[in-house]
1. Condition first: of a type in the set (D, E, K, R) and under 35 Å from the mean Cα position of the chain (by Cα). Now tell me which residues in segment 96-117 satisfy that.
2. Taking segment 107-138 only, how many residues are hydrophobic (A, V, I, L, M, F, W, C), without any contact (Cβ under 8 Å) to a residue 40 or more places away in the chain and within 24 Å of A68 (Cβ to Cβ)?
3. Which numbered condition in (1) over 30 Å from Y30 (Cβ atoms); (2) part of a helix (DSSP H, G or I); (3) touching a His at 6+ places or on another chain (Cβ under 8 Å) is the only one that E65 fails?
4. Could you pull out the residue among E197, E184 that is in contact (Cβ under 8 Å) with a residue 60 or more places away in the chain and within 17 Å of Y61 (Cβ to Cβ)?
5. So, in segment 94-106, exactly how many residues are in contact (Cβ under 8 Å) with a residue 40 or more places away in the chain and buried (at least 16 other Cβ atoms within 10 Å of the Cβ)?
6. I need the full set of residues from segment 146-164 which are touching a strand residue (DSSP E or B) at 6+ places or on another chain (Cβ under 8 Å) and either of a type in the set (D, E, K, R) or touching a residue at least 60 places away in the same chain (Cβ under 8 Å) (or both), in order please.
7. How many of the residues in segment 116-163 are part of a strand (DSSP E or B) and touching a Lys or Arg at 6+ places or on another chain (Cβ under 6 Å)?
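Read-outs throughout are calculated quantities, based only on the coordinates presented, and are distinct from any laboratory measurement. All values derive from a computational prediction rather than experimental measurement. Reconstructed Cβ throughout: ideal geometry from the backbone, glycine too, with neighbour counts over all protein chains shown.
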Amino acid sequence: MQNKNEVQQGWDFATAIMGADVAAHMGAEYVTAVEDAIKQLEDNINNHQYRNLGIGQLQGYMLEEWGAGTFNVDAVAAGSVDRASVLHSLAKDSADIKLDSGEAFSAKSYGTPEQTAKAQARMNLDTRQASYQDQGRLVPSDHLEGAKQTAHREALRNASIREDVSKAYSETESKLTDRITNDEGVASRTATRKDLEKMAKESKEQKFRAEEHGVTAQSAIQPEYLLKQALKAGYTTAAITVAVQLAPEIYKAIDFLIKSGELDLAQVEHMGEKGISAGAEGFLRGSISAALQIICESGALGEALKSISPTLLGTVVALVLQTTKNSILVAAGKMTTQQMGAAFVDMVVVSGGYLVGAHIGGVIGQALGFQLPVLGYLLGSLIGTSFCVIYNIGKKKLISFCVDTGFTCFGLVEQNYELPEDVLHEMGVETIEIPRTRIETTEIPRVAIGASEIRRADYETIDITVLRRGVIGVNKIGYVL
């Protein structure tokens, strides 16, 4: 980092922050999509077209809306494109719920499990089959076992006297379920008859709240769904980080190719190493940023963090990971604590510049009529590098001020008042020498060439040694000749 100029430092910092920023926004958009599915469930129940019916009738329609709505919430959370729709069809023997993947379901909720089972096994007199043949039979969870027992009993009872009725009950028994599912493992939530009646009452008053029935973003986003989204964001961030960080290197390689007619293999090798490193770090930043954003916005860490800014969170993640990396370098002896402190200050300042720059870039992008958020990020990155250049100019002025005044800038600048040994000797101060072991060497015979000596006259003068304070290390000020 110390060998790079200000623009290179700014670009690298801004790239790291931008990747985490994009990932955090992906996490925020994911949580928003889940919350939108929950709001749609609430809207479908509160504004149901038959909500003026009595509770006994309306609760049956609530089973349809609850099954389809909670299936869609789980589908969004799982990242599935499959969706359930309530058909509201008045056609005879038509399905009540249809999935985009093709499955169909009949939903029935009667007073008792026995009544529910018989309604689901109703015969079509024209086809002599069950009216809802091949459809899933959705029933309240507290009716499921009783309905299966009824269907099984009726299938046995009619086996010898009415074979078609027996087959209808047998097929119904195999299709009875208390939840809507698909081949991807997406599933709706169950509801009892009592739950459905409560929903019906709330629907009539337009006071249904999904949260009161246990449907929230936090409960919908399962750990495996969170991991899936984090990995997706990590891959995206890795690709963005590699592309942006290698852009200057690719330009240099093309420029060298045009001028010399051949590729610089050393430059290509450097690009490969940089791409691998940038991709790995970008994946880590992206996956962590997305996971944290999802956890915060889903409410798992409390209401206070539900509205956290994705850009701010991504910036913090990038800052923490970079500091952690530098800490490891310090522990490995590849970086001093002073260098780490200086790097931390640089990262904080450029991060602040990026936050402002990204906001300005977003405003410019919208003003130009573009709806691509990446444009704002790119503009923010460029503006962030400008902040880095401006900051480094100010930093040099600050160091100069600390040289002149002895100010330590709250410990970020180390003031060293010890004089170098050679300066002490020149001032006549005796020092204790550390014993050293002499290593014998072989002298090579040399021929002495005679030369004429010119006599010089020495004038007696007062020897004055002028010391000045200057930077002799990373933010370390001491005496130099």
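1. Looking only at segment 96-117, we keep the residues that are of a type in the set (D, E, K, R), and these are 96, 98, 100, 103, 108, 114.
Result: K98, D100, E103.
2. Keep residues of segment 107-138 that are hydrophobic (A, V, I, L, M, F, W, C), which gives 107, 117, 119, 121, 123, 125, 130, 138.
Restricting the remaining residues to those that are without any contact (Cβ under 8 Å) to a residue 40 or more places away in the chain gives 119, 125.
Narrowing the set further to residues that are within 24 Å of A68 (Cβ to Cβ) leaves 119.
The number of residues fulfilling the criteria is 1.
3. The single condition E65 does not satisfy is (1).
4. Numbers: E184 fails: within 17 Å of Y61 (Cβ to Cβ).
Of the residues listed, the single one that is in contact (Cβ under 8 Å) with a residue 60 or more places away in the chain and within 17 Å of Y61 (Cβ to Cβ) is E197.
5. Taking segment 94-106 and keeping what is in contact (Cβ under 8 Å) with a residue 40 or more places away in the chain, we get 95-97, 99, 101, 103, 105.
Narrowing the set further to residues that are buried (at least 16 other Cβ atoms within 10 Å of the Cβ) leaves 95-97, 99, 103, 105.
So the answer is 6.
6. The initial filter retains those residues of segment 146-164 that are touching a strand residue (DSSP E or B) at 6+ places or on another chain (Cβ under 8 Å), namely 147-148, 151, 164.
Result: K148, D164.
7. The first filter runs over segment 116-163 and keeps only residues part of a strand (DSSP E or B), leaving 123-124, 129-130, 136-138.
Applying the additional criterion that residues be touching a Lys or Arg at 6+ places or on another chain (Cβ under 6 Å) yields 136-137.
Final tally of qualifying residues: 2.
Condition check ((1) under 18 Å from A187 (Cα atoms); (2) surrounded by fewer than 23 Cβ atoms within 10 Å (Cβ to Cβ)) across all residues:
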| position | (1), (2) |
| --- | --- |
| Q40 | yes, yes |
| Y50 | no, yes |
| L63 | yes, no |
| G79 | yes, yes |
| S85 | yes, yes |
| K92 | no, yes |
| Y110 | no, yes |
